[in-house]
Amino acid sequence: MGTENPNPPSYPLRPAATPFAAMQSTPPFLSSGPVVGSETSSFHPAPPASSQFRAPPFSSGPVVGSEVPAFRPPPSGRSNELVGPPPSSLSSSHGPPTAGFQRFPTPTLPSVGYAVPPCTGQPVVPPPTRPAAGTVASPPISLLSQPQPPSIPMGSPPPSMKTGQMNGNIPPPAHQQLSSSRPNVQPSSQPVRPSYVTAPGTSQATFQGYVNTQPNSVAQATPVQPASFTLQQGGYAHGAPPTPLLAQQRSTNPPTLYSGNQMQHHVVAPPTATSPGLAEDFSSLSLGSVPGSFNAGIDTAALPRPLDGDVEPKSLAEMYPMNCSSRSLRLTTSGIPSSMSLASRWHLPLGAIVCPLAESPAGEEVPIVNFVTTGIIRCKRCRTYVNPFVSFTDNGRKWKCNICSLLNDVPGDYFAHMDASGRRVDLDQRPELTQGTIEFIAPAEYMVRPPMPPLYFFLIDVSISAVKSGMLEVMAQTIKSCLDSLPGYPRTQIGFITYDSTIHFYNMKSSLMQPQMMVVSDLDDVFIPLPDDLLVNLSESRNVVEAFLDSLPSMFQDNMNVESALGSALKAAFTVMRQLGGKLLIFQNTLPSLGVGRLRLRGEDIRVYGTDKEHASRVPEDPFYKQMAADLTKYQIAVNIYAFSDKYTDIASLGTLAKYTGGQVYYYPSFQSSIHKDKLRHELTRDLTRETAWEAVMRIRCSKGVRFVSYHGNFMLRSTDLLALPAVDCDKAYAAQLSLEESLLTTQTVYFQVALLYTSSSGERRIRVHTAAAPVVADLGEMYRLADTGAIISLFSRLAIEKSLSHKLEDARNTIQLRIVKALREYRNLYAVQHRLSGKMIYPESLKFLPLYGLALCKSIPLRGGYADAQIDERCAAGYTMMALPVKKLLKLLYPNLVRVDDSVVNLSPQTDESDIIRKRLPLTAESLDTRGLYIFDDGFRFIIWFGRSISPDIVRNLVGEDFTGDFSKVSLSPRDNEMSRKLMKILNKFRKSDPSYYQLCHLVRQGEQPREGFFLLGNLVDDQNGGANSYADWVLQLHRLVQQNA
């Protein structure tokens, strides 16, 4: 739990003859990359309490701060060249090439560079020189067998020099392989301790890149200097002349990650040695750092980052163009393993993410088919719906099921002749035979009762906190504004109950001018007065409903009651709704304190963190709410929770109502209407007006030999494979894990079909069907090639959050890390032996973002740190939300957008498309922040607008007003009558329109304003070391060391 590793790995002593010795240590967070701006933040992070890795002495990227010369020791005599692979002549004359220059059939083999022992004394570096025309850069020393010239003593370089930096105007050729010069490094013999451990009571997070740089910091040297760590896109290298690149040119912009399909590299070759003994000494070094130091063997700018957002794999759609859209169904790998033994070597989750009502792009409509005369065409044995992958035989009289292979008779009214190619002549008129997503109108036999009308019931806490915060007024105004937009007019039903220490019913009968309020104080045996008039038709009682909503805030404006009888009110609402079902919206402001379902203020005990009792505060204490959820689901009632309190309200218990009824949790901590009203108004409006599928059930069918064994999300499992979903919408997704039933699959293709039977708001019973095909593969490499990182992380997140409900947070994080390590090790074993890749980190192109998303998941609110890193209600609310998010929204939450907008706000022309600004995303590191800039951080749930310390005061004044010098926590961003404000609002609205499911509220942050800056922004920069968790570079190094163990 401490900051030191009690089991430090052992390191071999260097020979006395080696010309390298340890130098004095450097202060942490010393920048060695391009530096931007004129000032640095005054924020001084403390070292993490329990991180496996300390902060890097050097960070290789642009850092906000003063202009500081950067220094990396170059190879002697080649200070300004990019070291590349040798030409074929060198390879043939100096022995076999190293593993870094061989061809491989796999997409990507990134390599990890290793540390070079630092030089002693104060070395001197010759000025950079341009190589003569026609000359070839010298290869790394491990490629040369002849003796090397003696090394030149090196010293501090001139400030204008950046060694090892690549000229951004000359991208390396796509085939060029840059690799470590000494790959044969022994793996560490000591196991690496889990990196996500937080000492109890540790509340101070650390943030990389925010320190004051000292004028003399350049003169200090790092204990260990890196060799190159290069990542490569595309194919693999062969012996080609390297491209000499000059390092004199510098840029203040952060280096771009890709140029076309090729990553840009910042490469430094190791210094040459005077004796052959150095090679043996270097090869014996472990990749693991000495505790208290950092092996800066990675160029962080070259690490893969999803700056283009979620890019869905296209391979499956190209193989099977009639598949349903990946918006509706995504497999973790499109290559289904052909055997159990092959599946056991796939250490990542095997399964699917299903979003049955995913929104279609504008212009794309789901075809609706009504089999009036024939009834819906389905397989008699497995009940699969007819789809594009069925085949017709016997001149069109029979059709073969693609799931179970049964031959079914074609009804006479559905018969069509076959053409010469074996296709039905009416194929173009049959969308169910050409499109992977279809909607059938269900006949009467699919109904156990008449289709229910859309029903909205509101259960509203009116205790003093609800009134004082302004929640009651905002909620009432929003509901009233949505009455014309509620789905299902004129069938829509509506009703209200309010509660504090008593329960208040409202007679909304259409013949009344004003609603009648009836108060029930007996909480143990709730009496329902006038049960027929509590739930009314909205179109008939519109005037009464509006009168109630207008008077609701004033009705309780003097209420001083602090109690909450939620459990009793919930039972009353259930009694009213059970005849029809519908959606129950609960607005809760305080901890339930009276009647059934009352909860105690259990909070969190810091002493249980790190013990087996840690998870107890994250699970419901009282079984009442889970039992109520089961009863609600049985009667087709879905629950959405709106929680507002600034105090503990036990979201872990209340959230089970949403979890088991297909609902969701909205969390507004410390709600104040003056600040949060827009967010509540937008999200409540979307909840009330989005198209909803009522009284639904969902089943996923798949081919013989495979089956889904577990399901994850917000639902109730009615049988082994039937999901009960009282209400479904486009913002909810569900995960399922797949398993092989047979030891060997004999088919070449596996088919999946998702069927959602539901009632539409218009009163029709419908079946939404998604069908997809996937190939069966016998090669593990093919499984990796067809992997989908987005689907893998979505399934990972649900499994990890569920694990945190029964285990320690550390165990959940370690499970993520372990499975990623096993997967990368398995992939490595496919190629490492024959190609001698012991010193390189390799992974498939399809999973290049998996390590980063795995790190982001470990840093997410449900899983991060320990007691001090997130409040328990915030942690639980985030967990319930992430369990229901579709893939794209989840990935954006894990790795948010960071864009710079100050130039756009000042210079944006009216014709400029804001999409161009959104696409210019930056890595999530403090090094991306310029003190002169204005940045937007967007995770899909909130905007963090960061003002650099040196930004023009005119920009701040135009955007914020005259309060621009005050406390930003008391300043709100609102439209102002100037061009800059209009441009910024236009950009923010563009962000919001791209994902309308949640409303991003603006939080303004000024550089150096602590703890606000650390809480809102710096602690959420995934690439940096923060909260006791690894930085991205540390994480990759740790994964690599773990992969090498027992490899």
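With the structure loaded, tell me whether VAL887 is at pLDDT 95 or above, among the β-branched types (Val, Ile, Thr) and open to solvent by less than 20 Å² (accessible area, probe 1.4 Å) or whether it fails that test.
Judged against the criteria, VAL887 is a match.
What pairs come out if I take residues in region 451-468 that are closer than 17 Å to ARG690 by Cα and pair them with residues that are open to solvent by less than 10 Å² (accessible area, probe 1.4 Å) and among the charged types (D, E, K, R) whose C-beta lies under 7 Å away, six or more apart or interchain?
LEU455/LYS583; TYR456/LYS583
For region 693-724, which positions are more than 16 Å from PRO886 (Cα to Cα) and assigned to a loop (DSSP other than H, G, I, E, B)?
Those that are more than 16 Å from PRO886 (Cα to Cα) and assigned to a loop (DSSP other than H, G, I, E, B): SER703, LYS704, GLY705, ARG718, SER719, THR720, ASP721.
Output the number of the condition that PRO953 fails; it satisfies all remaining conditions of (1) crowded, with 21+ Cβ neighbours inside 10 Å; (2) over 24 Å from ARG305 (Cβ atoms).
Condition not satisfied by PRO953: (1).
So in region 623-641, with the set limited to residues that are within 28 Å of the chain's Cα centre (by Cα) and crowded, with 24+ Cβ neighbours inside 10 Å, which one is farthest from CYS876 (Cα to Cα)?
The qualifying residue farthest from CYS876 (Cα to Cα) is ALA638.
I need a count of the residues in region 332-357 that are among the small types (Gly, Ala, Ser) and surrounded by 21 or more Cβ atoms within 10 Å (Cβ to Cβ).
Qualifying residue count for the region: 5.
For region 299-411, please list each of the strands (runs of 3 or more DSSP E) lying entirely inside it that holds at least 2 residues being more than 36 Å from the chain's Cα centre (by Cα) and over 16 Å from ALA772 (Cα atoms).
Counting at least 2 such residues, we get 391-393, 398-400, 407-409.
Which of the residues that make up region 565-577 are farther than 14 Å from ALA629 by Cβ and either open to solvent by 10 Å² or more (accessible area, probe 1.4 Å) or within 36 Å of the chain's Cα centre (by Cα) (or both)?
Correct list: THR575, VAL576.
Count, please, the residues in region 598-622 that happen to be surrounded by fewer than 19 Cβ atoms within 10 Å (Cβ to Cβ) and without any contact (Cβ under 8 Å) to a residue 40 or more places away in the chain.
Total satisfying the criteria: 8.
Please go through region 846-867 and pick out each residue that is touching a strand residue (DSSP E or B) at 6+ places or on another chain (Cβ under 9 Å), open to solvent by 10 Å² or more (accessible area, probe 1.4 Å) and in a helix (DSSP H, G or I).
Correct list: SER846 only.
Which of the following residues is more than 23 Å from TYR880 (Cα to Cα), surrounded by 23 or more Cβ atoms within 10 Å (Cβ to Cβ) and modelled with pLDDT of 95 or more: ALA800, ALA727, ALA774?
ALA774
Could you list all residues from region 369-387 that are under 19 Å from ILE700 (Cβ atoms), β-branched (Val, Ile, Thr) and touching a helix residue (DSSP H, G or I) at 6+ places or on another chain (Cβ under 9 Å)?
ILE376, VAL386, listed by residue number.
With (1) open to solvent by 50 Å² or more (accessible area, probe 1.4 Å); (2) more than 34 Å from the chain's Cα centre (by Cα); (3) modelled with pLDDT of 95 or more as the list, and SER481 as the residue in question, which single condition is left unmet?
For SER481, the exception is condition (2).
Looking only at region 509-527, which residues are under 45 Å from the mean Cα position of the chain (by Cα) and under 25 Å from MET452 (Cβ atoms)?
Across region 509-527, the qualifying residue is only VAL526.
Across region 967-981, what is the number of residues that are surrounded by 16 or more Cβ atoms within 10 Å (Cβ to Cβ) and charged (D, E, K, R)?
Residues that pass the stated criteria total 1.
Check region 433-455 and report whether any residue there is closer than 30 Å to MET560 by Cβ, surrounded by 14 or more Cβ atoms within 10 Å (Cβ to Cβ), among the aliphatic types (A, V, I, L, M) and in contact with a Phe, Trp or Tyr (Cβ under 8 Å, 6 or more places away or on another chain). So that I can check it myself, show each step before the final result.
Looking only at region 433-455, we keep the residues that are closer than 30 Å to MET560 by Cβ, and these are none.
No: region 433-455 contains no residue that is closer than 30 Å to MET560 by Cβ, surrounded by 14 or more Cβ atoms within 10 Å (Cβ to Cβ), among the aliphatic types (A, V, I, L, M) and in contact with a Phe, Trp or Tyr (Cβ under 8 Å, 6 or more places away or on another chain).
Return only the number of the condition from (1) at pLDDT 95 or above; (2) closer than 18 Å to ARG491 by Cβ that ASP532 does not satisfy.
(1)
Would you be able to tell me the number of residues in region 412-432 that are open to solvent by 40 Å² or more (accessible area, probe 1.4 Å), in contact with a strand residue (DSSP E or B) (Cβ under 8 Å, 6 or more places away or on another chain) and in a helix (DSSP H, G or I)?
0
Just to be sure, is ALA652 touching a Cys at 6+ places or on another chain (Cβ under 6 Å), within 30 Å of CYS1002 (Cα to Cα), touching a residue at least 12 places away in the same chain (Cβ under 8 Å) and part of a helix (DSSP H, G or I)?
Against the criterion (touching a Cys at 6+ places or on another chain (Cβ under 6 Å), within 30 Å of CYS1002 (Cα to Cα), touching a residue at least 12 places away in the same chain (Cβ under 8 Å) and part of a helix (DSSP H, G or I)), ALA652 qualifies.
Can you pull out every residue in region 725-741 that is more than 18 Å from CYS382 (Cα to Cα), outside any strand (DSSP E or B) and not aliphatic (A, V, I, L, M)?
Within region 725-741, ASP729, CYS730, ASP731, LYS732 meet the criteria.
The values are calculated or read from the model by the stated rules, or taken from the named source; none is laboratory data. This structure is a prediction, so every number in the text was calculated from the model and none was measured. We place every Cβ from the backbone using ideal geometry, glycine too, and count neighbours over all the protein chains shown. In case anyone asks, the SASA skips ligands and DNA or RNA and just uses the protein heavy atoms, side chains included. Shrake-Rupley method; radii C 1.70, N 1.55, O 1.52, S 1.80 Å.
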